[in-house]
1. Would you check which residues across the range 97-116 are of a type in the set (A, V, I, L, M, F, W, C) and either at pLDDT below 90 or farther than 15 Å from ARG68 by Cα (or both) and list them?
2. Only residues that are closer than 23 Å to LEU49 by Cβ and part of a helix (DSSP H, G or I): list them for the range 97-123, please.
3. Only one of VAL63, VAL73, VAL69, VAL46 is at pLDDT 90 or above and either touching a Cys at 6+ places or on another chain (Cβ under 6 Å) or assigned to a loop (DSSP other than H, G, I, E, B) (or both). Can you tell me which?
4. Residues of the range 95-121 being without any contact (Cβ under 8 Å) to a residue 40 or more places away in the chain and closer than 16 Å to PRO20 by Cα, which ones?
5. Regarding LYS87, is this residue loosely packed, with under 10 Cβ neighbours inside 10 Å, of a type in the set (Lys, Arg) and either at pLDDT 65 or above or out of contact with any His (no Cβ under 9 Å at 6 or more places or on another chain) (or both)?
6. Does GLY70 satisfy the criteria of being at positive phi and touching a residue at least 12 places away in the same chain (Cβ under 8 Å)?
7. Restricting to the range 118-142, name every residue that is surrounded by fewer than 14 Cβ atoms within 10 Å (Cβ to Cβ) and within 18 Å of PHE71 (Cα to Cα).
Amino acid sequence: MEELNGSLESQGGRIRFPRPARLLRHADFERVYKQGRRHFSASMTVFYLQRAESELSRSKSPVGPGLRVGFTVGRALGGAVQRNRMKRRLREAVRLTRPVEGLSVDVVINPKKSLLTTDFAIVMNEVSRAFVIMEQKLTAKPESGAAALRKRNSERSAGSSGTPEA
């Protein structure tokens, strides 16, 4: 199993995320929330932010390239048992669907209460879809300001019939 994903450690028969693959510092979580993008799904919200190369070298802790994942499960989502179950389900879904180590991205997954009752296959599908969308959006070439403005204006004019709605 370890051959499938070299970023995981085996310790006493348990497979877990190593420290470099986890988002640990409060400042990192805050940075992802404030500066990052969001992806919404039925049972979770995924926040993500691509790390700059300069950030990799000036960080206090040794942060290597690749994906770092953190989970936030607030008290409003239930007692400790339910919150820990949500984190375990998400951690396993991320472990099984972890994308190729190409991008240096910080990811924070914030579950919704429905995660507890959702079938695990659906949770895995949602996590996998979030990683695919993340990769598409972060690897897409940004359009120039003028081209993006023209595209936005043409989409608006095509969407409206020209008559005001009453």
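The values are calculated or read from the model by the stated rules, or taken from the named source; none is laboratory data. Computed from a predicted structure; not experimentally measured. Positions of Cβ are generated from backbone atoms using ideal geometry, with glycine treated the same way; all protein chains shown enter the neighbour counts.
1. VAL100, LEU103, LEU115, LEU116
2. THR97, LEU115, VAL123, listed by residue number.
3. Every option except VAL73 fails the conditions.
4. Correct list: PRO99, VAL100, GLY102.
5. Answer is no for this residue.
6. No; evaluated as a whole, the condition is false for this residue.
7. Once the filter is applied, which keeps residues that are surrounded by fewer than 14 Cβ atoms within 10 Å (Cβ to Cβ) and within 18 Å of PHE71 (Cα to Cα), the range 118-142 yields only PHE120.
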